[in-house]
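The values are calculated or read from the model by the stated rules, or taken from the named source; none is laboratory data. None of these values were measured; they are calculated from a predicted model. All Cβ positions, even for glycine, are placed from backbone atoms using ideal geometry, and neighbour counts span all protein chains on display. Please note that ligands, DNA and RNA were not included when accessible areas were found on the heavy atoms of the full protein model with its side chains. Shrake-Rupley method; radii C 1.70, N 1.55, O 1.52, S 1.80 Å.
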Amino acid sequence: MKKFIGFIKKEFYHIFRDRRSLFILFGMPIAQIMLFGFAITNEINNVNVVVLDLSKDVSTNTIVNKISASSYFTVTQLLESQNEVESIFKKGKVKAVIVFEKDFDQQMRNAGIAKIQLLTDATDPNTANTINNYITSITQNYAKEINQDIQLPFQIVPESRMVFNPEIKSVFMFVPGVMTIILMLVSAMMTSISITKEKELGTMEILLVSPLKPYQVIIGKVIPYVFLSIINALVIILLSIFIFKMPVQGSFFLLGLESVLFIITSLSLGILISTMSKTQQTAMMISLMGLMLPVILLSGFIFPINSMPLPLQVISNIIPAKWFIIIIKGVMLKGVGLLYLWKETLILLGMTVFFILLSIRKYKIRLE
Amino acid sequence: MSISVRNISKSFKKVQALDQISFEVAQGELFGLIGPDGAGKTTLFRILTTLLVADEGSASVFGFDVIDGMNDIRNSVGYMPGKFSLYQDLTVEENLTFFATIFDTTVAENYHLIEDIYVQIEPFKNRRAGALSGGMKQKLALCCALIHQPKVLFLDEPTTGVDPVSRKEFWEMLKRLQQKGITILVSTPYMDEAALCDRIALIQDGKILDINSPEEIVAKHQHVIYDVKASNPHQLISLLKAYPTAHSVYPFGEYVHYTDQSGEFKQEDLHAYLAHNGLKEIVIQPTPATIEDAFMELAN
């Protein structure tokens, strides 16, 4: 036992002396959550639009006021002629141009129909789409307002409610994903690198020719990273609760347990990677290509699994991250308990056992 | 017998690293494996320290078989690999403490063993191992291999890349350790170090050429060796090789070592031959054989 503690102490020396990795280890979760929470979002805020108003009457004025009053848009300029439109898009600061036709109000009242031309910069299709929807709904609302007393013969009014995330905050979607990536990265990549580092530097040779048992070496390597991962998970959860007001509807305890389970799954993957690679570089490449990419692309973190082609949907099942994301979304957003998540939990548990057994089989007690 | 190796063979893919190696090392002996790079020395060390499994043959260390007694051997030997294998980001003291701890002992308990060596690196005990000079790194590695009081010490090329003064000091330390009853198996590519061992095995291409004490190996050398020097060393070698009665020709420091196969060799004849072919400042003088000469003789 004394040897084992001595070994863990040495591991902590390695971790704390490598300032750069330490900084990445603790800086990355915070930076990523902030990035995904604030910067990289599907929501639009203060988008610059310009208006080309060819009629300048009461109606167009009201619509422009409504647009600039919303927090989504800022009307930065009023254009005088159609010719200016192209050059203003080329400058790139303006994402949309709203053009009101001549005699807008008159047309509306006399012919019953008035036209707005909406030009959007579709170099970023998602934003263009969103702008389009928002402006359309603002003008439709206005149309409804002035039509209040007129009863249309048939009407279908959808009353929609966004369940579990009423404000459609994209951070709710990113937090589970980022947490999964960070835990995967810290646990799997760092352990696999730290084990292969011993092989590469030749220190594994001395460790093998010592009374330390191979399992003690492995567990000794893993324990410090379990600690670091738990701290990271806590930081991420606290950040998402206090800064992004993300709720934890379900049990905090269950969330903790499931996170620890996923940490262990990732660690066992890390050990498996280390048994397969001889150099730190190989371990890093396998971790990045073999873990990061599938986690980002196939786990349902960014791209919905249901809309993938069937072969990819099948592949996504073997990715532990997919199941963990379902679990945290369930616990944090839906507030469901183990009763609903036992299947996913069991799958993660099974994967962990499989990885551990495989690593034990592949672990070399000698040099080869 | 402290170490016993019987008909060990090992090959990697296409290379035969060890071919039917057998030798024995007595308790308290300082035994040297002498041979060039790629001779198979490291492979042999790894088999004896249970890091590799031989294809054929058997070996035992202190009575423990290298296969069945793997754990016993791992618990009781000291091993210093050829490549510097300590933790570069740990300080001198932390490295030493770590190796003491994993062998279930303390630095204080076995300090007497390493004292001579450790006092030399103690002024730098708070320096990281990665920042030490080559000689000091090797001294620290030796301390770490010794700290658990091993019965057998395996040192794989401990002086490679170390300056001549530190090399000399290192061998003096090995001599002192030997007096404390520790069996030492050491490998080196330096022939001058071979003379400091009790017995040596000359090894090349996975085969043992000869096993004996350094004195006997030198004594067995049949031919008279001549140091030959001339103005143009390059031309000198080709001329010597072309000499009708030449037996062996190889560079040796600033000289070329020459041996002749005929019994009636005369220095004057060779001198005349070389001078006739345009060489100047010719020196020819007999010289005592060294282990390197014995090695060259056996290797050919």
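A few notes on this one:
- With one equal scatterer per alpha carbon and no solvent term, the Debye-computed log10 I(q)/I(0) for the protein assembly as shown at 0.05, 0.06, 0.08 1/Å reads -0.45, -0.58, -0.79.
- Per residue value of the accessible surface for the stretch B:3-213 (all protein chains in place, 1.4 Å probe), Å²: 38 Å²
- Farthest positive-ward along the stretch A:47-146 dipole, Cα basis, beta-carbon charges - from A:ASN129, A:ALA114, A:PHE100: A:ASN129
- Student exercise, chain A dipole from Lys, Arg, Asp, Glu Cβ charges, in Debye to nearest 20: 2100 debye
- Loop-located GluC sites (Glu not before Pro) in the stretch B:65-123 (DSSP state not H, G, I, E or B) with no more than 13 neighbouring Cβ atoms inside 10 Å: B:GLU109.
- Just the protein heavy atoms count here, and of the accessible area of the stretch B:1-43 at 1.4 Å, carbon and sulfur take up 48 percent.
- Per residue, the stretch A:85-197 exposes 61 Å² of solvent-accessible protein surface, assessed with a 1.4 angstrom probe and all protein chains in place.
- Chains A and B together, accessible area buried on both sides, 1.4 angstrom probe, square angstrom: 2800 Å²
- Exceedance of the 20 Å cut-off in Cα-Cα distance is limited, within the set A:LYS197/A:LYS362; A:LYS322/A:LYS343; A:LYS199/B:LYS10; A:LYS56/A:LYS90; A:LYS197/A:LYS278, to A:LYS199/B:LYS10; A:LYS56/A:LYS90.
- Short to long, the 5 Å bins of the Cα pair-distance histogram for the stretch B:3-213 hold 1, 7, 16, 20, 21, 16, 11, 6, 2, 0 percent of all pairs.
- Rounded to the nearest 10 degrees, the angle from helix B:92-102 to the longest Cα principal axis of chain B is 70 degrees.
- Whole-percent carbon and sulfur share, accessible surface of the stretch B:225-299, 1.4 Å: 53 percent
- Neighbour net charge for B:ASP293 - beta-carbon separation under 13 angstrom, K R +1, D E -1: -4
- Averaged over B:94-101, number of beta-carbon atoms from partner chains that fall within 10 Å: 4
- Within chain A, the whole DSSP H helices whose Cα atoms reach 27 Å or more along their own axis and whose mean Kyte-Doolittle score is at least -1.0 are A:125-146, A:214-242, A:252-276, A:338-362.
- Spatially proximal aspartates and glutamates relative to B:LYS151 (Cα-Cα < 13 Å; intrachain offsets below 8 disregarded): B:GLU29, B:ASP72
- Per-residue SASA entry for B:THR287, accessible area with 1.4 Å probe, Å² rounded to 10: 30 Å²
- Size of charge dipole - the protein assembly as shown - debye, nearest 20, with Cβ of Lys, Arg +1 and Asp, Glu -1, no other charges: 2240 debye
- Cα long-axis angle, helix B:233-242 against chain B (0 to 90 degrees, to the nearest 10): 70 degrees
- For chain B, with +1 on Lys and Arg beta carbons and -1 on Asp and Glu, the positive-most of B:THR106, B:ASN126, B:VAL162 along the dipole: B:ASN126
- Qualifying aspartates and glutamates (Cα of each under 14 Å from Cα of A:LYS245; at least 8 residues distant if same chain): A:GLU167
- The long axis of helix B:267-276 is offset from the longest Cα principal axis of chain B by roughly 70 degrees.
- Those chymotrypsin sites (Phe, Trp or Tyr not before Pro) in the stretch A:146-229 that DSSP places in a loop and that have at most 15 other beta carbons within 10 Å: A:PHE154, A:PHE164
- Carbon-plus-sulfur accessible fraction, the stretch A:99-216 (probe radius 1.4 Å, protein heavy atoms only): 54%.
- Protein-only accessible surface at a 1.4 angstrom probe places the residues A:ARG19, B:ARG74 in the order A:ARG19, B:ARG74, largest first.
- Estimated from helices alone, the mean residue ellipticity of the protein assembly as shown at 222 nm is -15000 deg cm²/dmol (sum of -39500 (n - 2.57) over DSSP H runs with n ≥ 4, per residue).
- Normalised per residue, the accessible area of the stretch A:207-306 is 42 Å², obtained with a 1.4 Å probe and no contribution from ligands, DNA or RNA.
- Note on chain A: dipole from Cβ charges, positive end direction compared against A:THR139, A:PHE36, A:LEU79; the farthest Cα belongs to A:PHE36.
- Inter-chain Cβ neighbour count for B:79-87, averaged per residue, equals 5 (cutoff 10 Å, partner chain atoms only).
- Computed over chain B: relative contact order in percent, which uses C-alpha pairs under 8 Å that are six or more apart: 20 percent
- Solvent-accessible ranking of A:LEU267, A:LEU288, largest area first, probe 1.4 Å: A:LEU288, A:LEU267
- Comparing B:HIS247, B:HIS276, B:HIS112 in a Gaussian network model of chain B where C-alpha atoms under 10 Å apart are linked, the largest mean-square fluctuation is found at B:HIS276.
- Alpha-carbon centroids, the stretch B:152-219 and the stretch A:330-368: separation in whole Å: 52 Å
- DSSP-assigned coil residues among trypsin sites (Lys or Arg not before Pro) in the stretch A:259-353, each with at most 14 further Cβ atoms within 10 Å: A:LYS278
- Residue by residue along A:208-216, Cβ atoms of other protein chains within 10 Å of the local Cβ number 5 on average.
- For the stretch B:225-299, a simple Cβ point-charge model (Lys and Arg +1, Asp and Glu -1, everything else neutral) yields a dipole of about 240 debye relative to the Cα centre.
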